[in-house]
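Colleague: Got a structure for you, written out below as C-alpha cells; questions coming shortly.
The values are calculated or read from the model by the stated rules, or taken from the named source; none is laboratory data. The shown structure was predicted, so the numbers you read here are calculated from the model rather than taken from an experiment. Quick reminder, even Gly has a Cβ in these numbers, built from the backbone with ideal geometry, and neighbours come from all protein chains shown.
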Amino acid sequence: MTAGRPEIAPALSAVWRHGRAPGAELRLWQDARLRRLVSHAYESVPFYRRLFDRHRLHPRHVRGVRDLEIIPFIDKAELRRQRPGDLLARGHDPATLLEVRTSGSTGEPFTVRRTWLEDKLQYLVRLRAMQGLGVRPRDLVVAVGVERPESDDRKLVGRTLRALGLHSRVLLDGLADPVHIAYELRRLRPDVLVGLPGMLNRLTTPDLAGALETVRPRFVVVGGEVTTPAMRARLGCTFGAPVYETYGSHECPLIAAECPWSGTLHACEDAVLVEVLRDGRPVEPGEQGEVVVTNLHAYAMPFIRYRIGDLATRAPSCACGTPFTALGAVQGRMIDYFPLPDGRLLHPYEIVTRLVWGSQGWIRQYQLVQEQRDSVVLYVVAETAPTEEQVAEVTRAVRPVLGDRVRFEVRPVARIPFEATGKLRPSRSLVWSEYDQAGPRPLSA
Ligand SMILES: [Zn+2]
C-alpha cells in the first residue's frame, strides 16, 4: 500500500513554497493531493468506503479539485455515529495516535486522531503562517492559551525548532489569574503575543495597564474564537501593536490566517481545501456561507468535505499576490466568560474540559448557559438517556469549579437551538457577553 500516509517531502515543499508559488502550480499540486487522499480513504478507511459506495462514487471519478462537488458532505454528527475504528485508516493502532478531544464550535464532544508526523506537518503549516505574519527566527513568541495534554512532545518539538534557529515559544496558562499572566508577560517581554482573544481580552482592563506598560510585542495574533471589533481595538490599544487573526479547528489546525497587507484571511490551501457554500454551491465574494474543509495532510483519520460548523464570508482574491483564496469575517466559536457572584470571571473551559475529557460519552451535544449570575445550566442532548448516577457524576465534576453560591443543573433536551446567526454557542452567558455587544468583524476588503 503506497497511499497510507502523507508524503513528507511534497508536503514540506508545499508548506515552504506555495505561499509564493503561481496559482496554476498550486492547483496542480492540490489536484494530485486530493486524488491521493481520496483513493487512500476509499481503500483504507471503512467509513469512506461505505460512504462512496453508497453514493456510487469511485476515486477515479475525482480527477481534481474541480470534482470536489461530487463528493458527499460529512459532518461531526455523522462521524460520531460511526464506530471510532471505522474512521481510522487500516494499520493504525489508536493507542499510538495523538488524540485531541474537542467540543469545537458546535458543543459536540469529539475525538480527532492523527499520527505524530501529521501533527508536526500541521505545526509547520502554522509556523509558515506565523512567518507570513512577520515572526522572525530569534523572536520570543508567548502564547496565552490552554495546554494540550501532549505538551511534553510540544516541548521536544520546541527544542528541535530552536536548535534549527526557529523562534522559541512559551505557553502561559490562560486560565490563570489575569494579574499573574500580566506579570509573566512583563517578565518575558514577548516579541510576538499569541492567544485566544477572550483570554487576552481579560488583560485589557485599566488596572493592568501599568503592569503591561512595558509589554510591547511587534504584533498580536489571535485565533480559536471570534474576535469582535471591540476586542480587537482594546488589544491593539493595550499592547500598542497591530492585531492579526487566524482561523483553525482541531480537525484542521490552521484553515486561514490574516494577510497583514489587506486584512482578509488567506485560506491555507497547501494544507486544506476550503469551500464556502450555500445550498451546496460556492458563494460569491461578499456572501456568507458554510465552511467545508478537506484536510490534505490527514491520512490516519481523513476529513474530506467536512462541514466544520462555522460560517464565513468569501472575500475577493487578495491583491497581495498570494495564490490562496481569501475569507472575510468568520463566525466561529464564541465563548463567553461567566461573571460569578464571588467576583470571579470563570472561563467555561474550566467546566467544559471536565465534560470533554471525562467519561461522559453519553453527551452528544451540550450548551452551557449562565442564566443568572448565580445559576448555570448544562443543556444536554444525550446519546442514550443518562442514568441518575451519570448526571450526578457531571454535577460532582462541575460543582467545585462554580463554588457554593452558584446553582448548577443538568437539563436533558431534545435539541439545542441555533442563534439567529445560524451558529450554536456552546458556552453562553445571559448575564454579560462580549459577543452581544457587537457583531463579528466586518469584511475589511
Ligand atoms: Zn493578501
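Colleague: Condition (residue is in contact with a Pro (Cβ under 6 Å, 6 or more places away or on another chain), outside the structural domain of Leu402 (by TED's automatic domain parsing) and more than 16 Å from the ligand (Cβ to nearest atom)) applied to segment 310-321: is it met by at least one residue?
Modeller: Looking for residues that are in contact with a Pro (Cβ under 6 Å, 6 or more places away or on another chain), outside the structural domain of Leu402 (by TED's automatic domain parsing) and more than 16 Å from the ligand (Cβ to nearest atom), one finds none in segment 310-321, hence no.
Colleague: Quick one: Gly289 ticks every box in (1) assigned to a strand (DSSP E or B); (2) closer than 24 Å to Phe219 by Cβ except a single one, so which number is it?
Modeller: Here Gly289 clears every test but (2).
Colleague: I've got another one for you. Can you find, within segment 217-246, the residue that is nearest to Thr294 (Cα to Cα) among those that are hydroxyl-bearing (Ser, Thr, Tyr) and within 16 Å of the ligand (Cβ to nearest atom)? Show your work before the answer.
Modeller: Our first condition is that a residue be hydroxyl-bearing (Ser, Thr, Tyr); within segment 217-246, this holds for 227-228, 238, 244, 246.
If we keep only those that are within 16 Å of the ligand (Cβ to nearest atom) as well, we get 244, 246.
Numbers: Tyr244: 24, Thr246: 18 Å.
Among those residues, the one meeting the criterion is Thr246.
Colleague: Out of Asp177, Asp207, Asp191, I need the residue that is in contact with a His (Cβ under 9 Å, 6 or more places away or on another chain) and surrounded by fewer than 22 Cβ atoms within 10 Å (Cβ to Cβ). Which one?
Modeller: Of Asp177, Asp207, Asp191, the one residue that is in contact with a His (Cβ under 9 Å, 6 or more places away or on another chain) and surrounded by fewer than 22 Cβ atoms within 10 Å (Cβ to Cβ) is Asp191.
Colleague: Which count do you get for residues in segment 322-340 that are among the hydrophobic types (A, V, I, L, M, F, W, C), modelled with pLDDT of 90 or more and away from the ligand (no atom under 16 Å from the Cβ)? Explain how you work it out, then say what you get.
Modeller: Start the filter on segment 322-340 by keeping residues that are among the hydrophobic types (A, V, I, L, M, F, W, C), which leaves 324, 326-327, 329-330, 334-335, 338, 340.
Imposing the further condition that a residue be modelled with pLDDT of 90 or more reduces the set to 324, 326-327, 338, 340.
Retained after the next criterion (residues that are away from the ligand (no atom under 16 Å from the Cβ)): 338, 340.
The qualifying residues number 2.
Colleague: Then there is this: Give, as residue ranges, the strands (runs of 3 or more DSSP E) completely inside segment 314-415 that count at least 1 residues that are farther than 30 Å from Leu28 by Cα and hydrophobic (A, V, I, L, M, F, W, C).
Modeller: It comes to 363-372, 375-382, 407-412.
Colleague: Moving on. Please tell me if Thr106 is among the β-branched types (Val, Ile, Thr) and assigned to a loop (DSSP other than H, G, I, E, B).
Modeller: Spelling it out, Thr106 is indeed among the β-branched types (Val, Ile, Thr) and assigned to a loop (DSSP other than H, G, I, E, B).
Colleague: A follow-up question, please. Report whether or not Val221 is under 20 Å from Tyr349 (Cα atoms), within 21 Å of the chain's Cα centre (by Cα) and touching a residue at least 12 places away in the same chain (Cβ under 8 Å).
Modeller: no
Colleague: Please determine whether any residue of segment 247-260 is within 30 Å of Val401 (Cα to Cα), within 16 Å of the ligand (Cβ to nearest atom) and buried (at least 20 other Cβ atoms within 10 Å of the Cβ).
Modeller: Yes, segment 247-260 has at least one match.
Colleague: Continuing with the same structure: Quick one: in segment 254-298, of everything that is modelled with pLDDT under 95 and among the hydroxyl-bearing types (Ser, Thr, Tyr), which residue is nearest to Ser39 (Cα to Cα)?
Modeller: Top of the filtered list is Thr264.
Colleague: Taking Thr294 as the residue in question, decide whether it is within 16 Å of the ligand (Cβ to nearest atom) and either assigned to a strand (DSSP E or B) or crowded, with 23+ Cβ neighbours inside 10 Å (or both).
Modeller: Judged against the criteria, Thr294 is not a match.
Colleague: Still on this structure: Any residue in segment 113-125 that is in contact with an Asp or Glu (Cβ under 8 Å, 6 or more places away or on another chain), modelled with pLDDT of 85 or more, within 27 Å of Asp270 (Cβ to Cβ) and of a type in the set (Lys, Arg)?
Modeller: Yes; the residues of segment 113-125 include at least one that is in contact with an Asp or Glu (Cβ under 8 Å, 6 or more places away or on another chain), modelled with pLDDT of 85 or more, within 27 Å of Asp270 (Cβ to Cβ) and of a type in the set (Lys, Arg).
Colleague: Given Arg56, Arg128, Arg60, Arg101, which one is of a type in the set (Lys, Arg), without any contact (Cβ under 8 Å) to a residue 12 or more places away in the chain and either not in a loop (DSSP other than H, G, I, E, B) or not assigned by TED's automatic domain parsing to the domain that holds Arg278 (or both)?
Modeller: On inspection, the qualifying residue turns out to be Arg60.
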